[in-house]
Amino acid sequence: MSPSGNFPLLIVASFLIVAVFVLLAIFAAPLSPHNVADINLLARFRPPVFLGGTWDYPLGTDRLGRDMLSLILRGIQISLTIAAVGTICGAIFGTTLGLLSGWVGGLLDNLVGILVDFQATIPNLILILALVTIMPEANFVAFVIIMAMYGWDRYARLARAIALNAKNQPYVQAQQVIGASAFRIVTRSVLPNFMAVLLVTMSLSFPQTILLETTLSFLGIGIQPPDTSLGVLIGEGRGQLYNAPWVVLLPASVILLATISISMLGDWARDRVGVD
Amino acid sequence: MNWLLLRSGRAILTLLLLLTFTFFTLAASGDPALQKFSPDVDLATIAAFREKWGLNEPIWKQFLIYLERLAHFDFGMSYRTGRPALEVVLDRVPVTLSLAIPSIVLSIVIGIPLGFYAAMNKGRLADRITILVAVMGLAIPPFLLGIFLMYVFSIWLGWLPPSGYVNWTSYIMPVASISAVYAAIFARFTRSAMVEVMSHPMIETAKASGLATGLVQRVHVLPNVLLPLVTITALEFGNVVTFAAVIENLFSWPGAGTLLIEAVAGRDYAVVEAVLLLTGSTMILANFLTDLSYGLIDPRIRDYRRAYRRSPDQLPSPEGAA
């Protein structure tokens, strides 16, 4: 990326875009010109302003005459929330398992190793589809838990390495000698060493979680209507690519903009911290 | 312990874990008797069905029964079609492979040379552009790329058939959507593997001793990146197949992917399990074979294994031996 000081232009731009997305997600409801659920059959497939539409519907309307701007704002809110909660849950789950397996070792370490192997061997999407099949339909919480299943193995592997390494460090051994509890040592001395790696890994897997959610929702097996997400909008609009392309292309562009900017930030942070 | 034994043990363990996972997801999906019969069937029939399929046995015994059924290639019935699930899935596999195989070949043919080229020009413009494209490629899901391609080439320009199989041009957009993303993954991986090898002192030595750059790359760098490249290719193949599933759905191809999505949406458990077991065991086998091939690719690992068999207690820590 362009070498202009510590903060290349592209990174600054990505950061600003991500900040705008976060604000849009938080203030989605007050920013929406219409109610998301408002159906207006007299105003179906109105084009966006830049394609000759009116300011009543700045980004046009879909096949039910719902306002695209309001739908996209709501979609940003839902997609980002699920990705954030899913990523955080996965990070907590994976880090805990990894630290435990590295610290305790023995049988537990072997068990976690086998689980990580399993997760790495079997294609993630298929595992997740199998879980979606048995989860109760249209259950938001179950869906988030499944999202958390994605990518936990990466945190487990990294955290395990850190814990293994820390066990042999003098500062940890010194604490063991003076009788500090294992919990205290791990949370106070080992975990802080892992924070940089953890944050970078999270910023790298966050866009992947967004992609997973939108892919599943696009296929009609993720978030269920009437609730919406960016993936649901694309899935619902795919039949209208010919007569009302904005219904699909607008949410699609929003996803691309979000995932590319977050990936740029994550990649930049990775180079900085030096995580593999 | 023998190295081969250890690896086969690991593969079998993973397979067992996969079987346990499918068994419990199947068990969690509800009572098969109630799924098979309509609600108005009499209780005696249900009782007989339960008896016949061992549903009254303790759970561990049911698991053994399940394994026995799988050993006879009985994957259960697809209740949406009324045919054996395995048969339903195998019917669709050729279509999926006809998409996945060209996609992975194309990703490799584009991605690896690109990563190689970037690493050779590390820090220069070509390298930076490659990284940028690779990061973007990773951030774009194949289905979105497919939608944009469909819009541009089918609707706007009208050059390519938008969906289904018409003629060979129907392959262009689906294959392009998958391989663009995976070429980015391969490029990125090749680059970082190369950069790592090139920072090794032996490369410095080779260069200092006056060897031509091309020779250094061929003789010293390439053999060392081969191992990680083979590993990632085996691992990513499974992911390419699953993304082919999504792409099939987008372009309305009658492959195993479309079937899988329909089965998930329609809660056709036997079909989902059959797909999971087939892809899972293929991946386990692929990884096992990759492990076996390490010795062929890297003589150090071969020597290490030989030494390990002779005296497992006193070993130098091998470089690259996993």
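Can you find, among A:Pro123, A:Asn165, A:Trp55, the residue sitting farthest towards the positive end of the charge dipole of the stretch A:9-261, where Lys and Arg contribute +1 and Asp and Glu -1 at Cβ? About the Cα centre, the residue reaching furthest to the positive side is A:Asn165. Take each residue of peptide A:214-221, count the partner chain Cβ atoms within 10 Å of its Cβ, and average: the result is 5.
Computed from Cα positions, the angle between helix A:124-134 and the longest principal axis of chain A comes to roughly 70 degrees. The three principal axes of the Cα atoms in chain B give end-to-end lengths of 87, 67, 27 Å, sorted in falling order.
Short-range pairs are left out: with C-alpha atoms under 8 Å and at least six residues apart, the relative contact order of the stretch A:9-261 is 23 percent. Most tightly packed first, judged by the mean number of other beta-carbon atoms within 10 Å of their residues, the peptides A:211-223, A:7-19 read A:211-223, A:7-19.
Chain A and chain B together bury an accessible surface of about 4400 square angstrom, both sides counted, with a 1.4 Å probe and no ligands or nucleic acids included. Counting only other chain Cβ atoms within 10 Å of each residue's Cβ, the peptide B:260-267 averages 5. For A:Gly222, the residues whose amide H sits under 5 Å from its own are A:Ser217, ignoring neighbours fewer than 5 places away on the same chain, with H placed 1.01 Å from N. In the stretch A:143-227, a dipole from Cβ-located charges (positive for Lys and Arg, negative for Asp and Glu) runs towards its positive end, and of A:Leu216, A:Phe194, A:Tyr150 it is A:Phe194 whose Cα lies farthest in that direction.
All alpha carbon pair distances within the stretch A:9-261 were sorted into 10 Å bins beginning at 0; the resulting P(r) in whole percents reads 7, 26, 27, 20, 12, 6, 2, 0. Output the 0 to 90 degree angle, nearest 10, between the alpha-carbon long axis of helix A:246-273 and the longest principal axis computed from the alpha carbons of chain A. Taking the Cα atoms of chain A, the angle to A:246-273 is about 20 degrees.
Using R0 = 60 Å, the C-beta based FRET efficiency linking B:Ser8 and A:Leu31 works out to 0.55. Size descriptor for the protein assembly as shown, Kirkwood hydrodynamic radius: 26.5 Å (Cα pairs only, one decimal). Based on DSSP H segments of at least four residues, each scored -39500 (n - 2.57), chain B has a per-residue ellipticity at 222 nm of -24000 deg cm²/dmol. For chain B, averaging the sequence separation of C-alpha pairs within contact (under 8 Å, six or more residues apart) and dividing by the residue count gives a relative contact order of 25 percent. A protection proxy built from the mean count of other Cβ atoms within 10 Å ranks the segments B:124-137, A:113-126, most packed first, as A:113-126, B:124-137. For chain A, the fraction of 1.4 Å probe accessible surface lying on carbon and sulfur atoms is 67 percent.
Distant-in-sequence amide contacts of B:Arg83, defined by a placed amide H-H separation under 5 Å and a gap of 5 or more residues or a different chain, comprise B:Ser78.
Mean partner shielding of peptide B:151-163, defined as the number of other chain Cβ atoms within 10 Å of each residue Cβ, is 1.
Compute the helix-to-body angle for A:9-26: its Cα long axis versus the longest principal axis of chain A, expressed 0 to 90° and rounded to tens. Helix A:9-26 sits at roughly 70 degrees to that axis. In order along the stretch A:199-204, the Karplus-derived 3J(HN,Hα) couplings, from 6.51 cos²θ - 1.76 cosθ + 1.60 at θ = phi - 60°, round to 5, 5, 4, 5, 5, 7 Hz, and Gly and Pro are given as x. Over the stretch A:1-136, Cα pairs under 8 Å with separation of 6+ residues give a relative contact order of 17 percent. Placing unit charges on the Cβ atoms only, positive for Lys and Arg and negative for Asp and Glu, gives the stretch A:1-78 a dipole magnitude near 140 debye about its Cα centre. Close Lys pairs in the protein assembly as shown, defined as Cα atoms under 24 Å apart and 8 or more places apart or on different chains, number 4.
Residues within the reach of a label modelled at B:Ala126 (point 7 angstrom out along Cα to beta-carbon, backbone nitrogen below 18 Å), restricted to the stretch B:218-258, are B:218-219, B:221-222.
Assuming charge only on the beta carbon of Lys and Arg (+1) and of Asp and Glu (-1), the dipole of the protein assembly as shown about its Cα centre is about 1380 debye to the nearest 20. Think of each Lys and Arg Cβ as +1 and each Asp and Glu Cβ as -1; about the Cα centre, that makes the dipole of chain A roughly 420 debye. Of the DSSP H helices in chain B, those with a Cα length along their own long axis of 27 Å or more and a mean Kyte-Doolittle hydropathy reaching 1.6 comprise B:3-28, B:85-120.
The values are calculated or read from the model by the stated rules, or taken from the named source; none is laboratory data. Everything quoted here is computed from the prediction, not taken from an experiment. FYI the Cβ positions are ideal-geometry reconstructions off the backbone, even for glycines, and counts take in every protein chain you see. Calculation scope for accessible area: heavy atoms of the full protein, side chains included, ligands and nucleic acids excluded. Shrake-Rupley method; radii C 1.70, N 1.55, O 1.52, S 1.80 Å.
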